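In what follows, a structure is listed as structure tokens, so that the remarks can point back to it.
The values are calculated or read from the model by the stated rules, or taken from the named source; none is laboratory data. Everything numeric here is computed off the predicted structure, so don't read it as measured data. Cβ sites come from the backbone with ideal geometry, for glycine too, and all protein chains shown count toward neighbours.
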Amino acid sequence: MWLGVYLVILLGIGQFLIPQMNPYHVQILIFIGINITLAVSLNLVLGMAGQFSIGHAGFMALGAYTSAALSHYVFEPAISSWMGSSVAYGIAQNAAFAASLLSGGLMAALAGLAVGIPTLRLRGDYLAIATLGMGEIIRVIILNTEFVGAARGFTDIPRWTSFTWVFFVTGVCVLLVRNLIGSASGRALVAVREDEDAAAAMGIDTTYFKVLAFVIGAFFAGMAGGLQAHYIQYLHTNSFTFLRSIEIVVFVVLGGSGSITGSIVAATVLTILPEFLRVAQSWRMVIYSALLVVMMLTRPQGLMGGNEFKWRWFLRRKTA
């Protein structure tokens with residue numbers, strides 16, 4: 001029911017409000033949606049399962065390049081000679097884009113599975129180093145692959161990403177992660193996070209649940225990469241470095257590890273904040289970094305801690 005209501009609202013905004021908005025504001029909204037997807041998907045790994053991964057940008061890159069290559073070499077040439085009606089062409093384009101995004105997400109998920117099975121037996125700093133190395137391996141392989149532009153970057157990607165597509169993927173990601181956390185598998189993930197040895201002693205297959213979280217997180221990171229690729233129409237490995245992974249980690253930590261609402265709020269605030277600070281020009285990133293440091297000193301548990309926003313909080317304060 002709620003998903004249906006969300007889709008109706010989303011389609012209404014996408015069809016009637018977005019065309020009336022300033023393109024710059026629409027761009028910010030799209031980047032907010034992409035960052036929310038990245039933050040929530042990493043929160044499943046870091047906040048819910050307690051696994052410190054700093055290779056999320058690698059999965060994002062794999063999904064971006066896979067979906068962009070399919071669109072550029074397969075789907076766009078196939079539908080560019082379309083002779084049917086404009087409605088049929090629009091349906092064909094959206095179907096091609098959906099297939100492209102899913103392919104990118106699945107490729108990232110397969111990479112997450114291949115990497116997760118051996119590395120997720122590690123813990124703490126060792127796991128962080130392993131995921132960092134994995135992300136850099138993916139980036140270097142892409143950097144040396146002529147098929148996707150190598151060091152020159154990948155150009156001529158069709159611009160198929162729209163506000164509706166971005167927030168549809170974001171909504172599915174949030175809904176799936178929320179439902180997963182409320183399930184028996186989610187409780188097993190939380191048990192692994194709290195005390196892995198105790199969880200294993202109780203019969204929980206800790207490696208299975210850690211890999212499950214890793215694969216789902218990688219899938220949505222790949223989808224987010226595909227959305228970004230089809231919006232900016234250009235890809236370069238410099239966009240998927242270690243610093244991009246750290247940025248996503250900051251979204252999760254600042255919002256509150258384990259809080260989906262916190263990830264949404266932090267991703268939104270930290271996407272908009274640099275735009276407000278443009279007036280400071282050269283001091284923009286200094287102010288931005290200082291604000292993050294102050295936030296971590298004054299509220300180390302993050303904006304939401306481990307809590308989720310509930311409407312009854314708002315209603316209770318309103319009636320008080």
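The table below lists the values:
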quantity: Matching entry among 276, 251 (being surrounded by 16 or more Cβ atoms within 10 Å (Cβ to Cβ) and either in contact with a Pro (Cβ under 8 Å, 6 or more places away or on another chain) or among the aromatic types (Phe, Trp, Tyr) (or both)); calculated: 251
quantity: Where residue 89 falls short, out of the listed (1) farther than 29 Å from residue 218 by Cα; (2) loosely packed, with under 12 Cβ neighbours inside 10 Å; calculated: (2)
quantity: Residue list for segment 127-167, filter: surrounded by 20 or more Cβ atoms within 10 Å (Cβ to Cβ), assigned to a loop (DSSP other than H, G, I, E, B) and modelled with pLDDT under 90; calculated: 149
quantity: Residue list for segment 31-79, restricted to those being of a type in the set (Val, Ile, Thr), within 15 Å of residue 228 (Cβ to Cβ) and surrounded by 22 or more Cβ atoms within 10 Å (Cβ to Cβ); calculated: 34, 36, 37, 66
quantity: Residue among 32, 91, 117 that alone is β-branched (Val, Ile, Thr) and over 24 Å from residue 252 (Cβ atoms); calculated: 91
quantity: Residue match in segment 239-256 (condition: in a helix (DSSP H, G or I), of a type in the set (S, T, N, Q), modelled with pLDDT of 85 or more and over 30 Å from residue 155 (Cβ atoms)); calculated: no
quantity: Test: residue 96 is aliphatic (A, V, I, L, M), more than 26 Å from residue 238 (Cα to Cα), in contact with a Phe, Trp or Tyr (Cβ under 8 Å, 6 or more places away or on another chain) and crowded, with 19+ Cβ neighbours inside 10 Å; calculated: yes
